[in-house]
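The values are calculated or read from the model by the stated rules, or taken from the named source; none is laboratory data. Just so it is clear, the structure is predicted and the values come from calculations on it, not from any experiment. As a convention, Cβ positions derive from the backbone with ideal geometry for all residues, glycine included, and neighbour counts pool all protein chains shown.
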Amino acid sequence: ETGVTQTPRHLVMGMTNKKSLKCEQHLGHNAMYWYKQSAKKPLELMFVYNFKEQTENNSVPSRFSPECPNSSHLFLHLHTLQPEDSALYLCASSQDAGQGARGYGYTFGSGTRLTVV
Amino acid sequence: GDSVTQMEGPVTLSEEAFLTINCTYTATGYPSLFWYVQYPGEGLQLLLKATKADDKGSNKGFEATYRKETTSFHLEKGSVQVSDSAVYFCALSDQGTALIFGKGTTLSVSS
């Protein structure tokens, strides 16, 4: 158990569907992150939330919509995705985004494997 | 901008062989450096870290030394095991920014 739980583990959705990914942590962390992991590419930072406020949107298309109702939960709402959005979506948390990862690192979930058909 | 460059994989070794995975970085400030490992079907786990020059991070037999003069943070292990087969990511955090990762290096160890 890593301390960060992501559901579902696998998701297949059509291009017209709407679905949501969920991330939950009970580590007492105040920052949460969404990363996209595609084959043969570096992990791409998508969104950063610090104390429930979005502090970074890394030019992510609007078909991805994050939500952070509290410091323990993070969602990624998906709609009208494209096949190239198929990837492993990783959630991570850290003590405080203001500190970045300095000296502490992030705790990652196991990811949601998303396939868009 | 800041970036991390890792050696291309895959790296294929026999059990008990010596491992080196090269990592170099570019940063405007004085970053913290990390190695993460991803086992099949799992998320990333922090393997080791270093926050200042000449620091050596170590864990599970793996080591990496923060070399500011060569902007490097190479990962080494003296004797790999089959269970070390995974993808290894070098990463940095500079001036409070989110982690920036390299592309990852796949290690395959055979018995």
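Got a number for residues in region B:51-96 being of a type in the set (A, V, I, L, M), in a helix (DSSP H, G or I) and surrounded by 16 or more Cβ atoms within 10 Å (Cβ to Cβ)?
Here the count works out to 0.
With touching a residue at least 24 places away in the same chain (Cβ under 8 Å), hydroxyl-bearing (Ser, Thr, Tyr), touching a strand residue (DSSP E or B) at 6+ places or on another chain (Cβ under 8 Å) and away from chain B (no Cβ under 14 Å) as the only criterion, which of A:SER65, A:SER71 stands out?
Exactly one of A:SER65, A:SER71 is touching a residue at least 24 places away in the same chain (Cβ under 8 Å), hydroxyl-bearing (Ser, Thr, Tyr), touching a strand residue (DSSP E or B) at 6+ places or on another chain (Cβ under 8 Å) and away from chain B (no Cβ under 14 Å), namely A:SER71.
In region B:97-111, which residue that is buried (at least 18 other Cβ atoms within 10 Å of the Cβ) and more than 10 Å from chain A (Cβ to nearest Cβ) is farthest from B:THR26 (Cα to Cα)?
B:VAL109
Please go through region A:42-71 and pick out each residue that is over 13 Å from the mean Cα position of the chain (by Cα) and among the charged types (D, E, K, R).
A:LYS52, A:GLU53, A:ARG63
Where residues in region B:39-50 are more than 13 Å from the chain's Cα centre (by Cα) and of a type in the set (Gly, Ala, Ser), which of them is surrounded by the fewest Cβ atoms within 10 Å (Cβ to Cβ)?
B:GLY41
Take A:ALA39 and decide whether it is buried (at least 18 other Cβ atoms within 10 Å of the Cβ), at pLDDT below 90 and more than 12 Å from the chain's Cα centre (by Cα).
Criteria not met by A:ALA39.
Could you grab me the full set of residues in region B:16-52 that are in contact with a strand residue (DSSP E or B) (Cβ under 6 Å, 6 or more places away or on another chain) and away from every other protein chain (no Cβ under 13 Å)?
The answer is B:LEU19, B:THR20, B:ILE21, B:THR24, B:THR26.
Just one of B:THR26, B:THR20, B:THR5 is surrounded by fewer than 15 Cβ atoms within 10 Å (Cβ to Cβ), within 14 Å of the chain's Cα centre (by Cα) and farther than 30 Å from A:HIS10 by Cβ; which is it?
From the options B:THR26, B:THR20, B:THR5, the qualifying one is B:THR20.
Checking the conditions here, which among A:LEU78, A:LEU88, A:LEU74 is more than 10 Å from the chain's Cα centre (by Cα), under 26 Å from B:GLY41 (Cβ atoms) and in a strand (DSSP E or B)?
Result of the check over A:LEU78, A:LEU88, A:LEU74: A:LEU78.
Looking at region A:41-49, is at least one residue free of Cβ contacts under 8 Å to residues at least 24 places away in the same chain, out of contact with any Cys (no Cβ under 9 Å at 6 or more places or on another chain) and part of a loop (DSSP other than H, G, I, E, B)?
Checked region A:41-49: at least one residue is free of Cβ contacts under 8 Å to residues at least 24 places away in the same chain, out of contact with any Cys (no Cβ under 9 Å at 6 or more places or on another chain) and part of a loop (DSSP other than H, G, I, E, B).
Go through region B:2-38 residue by residue and tally those that are on the phi < 0 side of the Ramachandran plot and part of a loop (DSSP other than H, G, I, E, B).
14
Would you point out which residue out of A:HIS79, A:HIS29, A:HIS10 is within 14 Å of another protein chain (Cβ to nearest Cβ) and over 23 Å from B:ILE100 (Cα atoms)?
None of the others qualify; the one that does is A:HIS10.
Considering only region B:66-96, state which residues are more than 14 Å from chain A (Cβ to nearest Cβ) and under 12 Å from B:PHE34 (Cα atoms).
Within region B:66-96, B:SER72, B:HIS74, B:LEU75 meet the criteria.
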